[in-house]
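Q: Structure incoming, see below.
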Amino acid sequence: MKKIFLLVIALFVLAACSNASANVTGDWKLVSYGSAANPTTAVADVDTSINFDAKGQVNGNVGCNGFGGSYEMKGDTVTFGAMVSTMMFCEATSDQEQGVLSVLVNTANLKMNGNTLTITSADGASVVNLARK
């Protein structure tokens with residue numbers, strides 16, 4: 001009986017830990033984006049930044065346009081609310097902006113490894129790789 005009780009407690013603790021959300025709060029720099037099989041390196045010499053705040057808001061700039069919206073974490077899944085963005089055309093960063101913002105929609109998967117965060121689209125085809133600033 002004692003072993004069963006300990007096993008039940010251990011399973012409860014494991015289940016609780018598996019639902020814990022990664023701590024994405026803070027500033028992140030874009031490293032790469034695009035195809036999960038072959039990501040494109042972020043445009044050099046472009047100050048990119050994505051900030052996740054503790055109140056469920058995300059904002060940043062991944063080229064020449066600013067963006068913002070809401071997010072909600074559940075375990076290793078993030079659900080993004082509607083995003084707003086400025087609409088300037090910047091040829092040098094257009095592909096980068098579209099690639100990043102296309103992943104920050106609806107539900108995506110997260111994977112943290114130290115100071116690296118990978119956001120993968122729900123279909124697994126696209127990624128955004130970030131480094132903590």
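Q: Quick check: the distance between the Cα centres of the range 84-115 and the range 50-66, to the nearest angstrom?
A: So the two Cα centres are separated by 10 Å.
Q: Reachable aspartates and glutamates from residue 111, Cα under 19 Å, same-chain residues fewer than 8 places away excluded?
A: Partners found: 27, 53, 72, 76, 123.
Q: Can you give me the P(r) profile for the range 23-132? Cα pairs, bins 10 angstrom wide beginning at 0, each as a whole percent.
A: Computed distribution, short to long bins: 15, 54, 29, 2.
No lab work stands behind these numbers, since they all come straight from the coordinates. Computed from a predicted structure; not experimentally measured.
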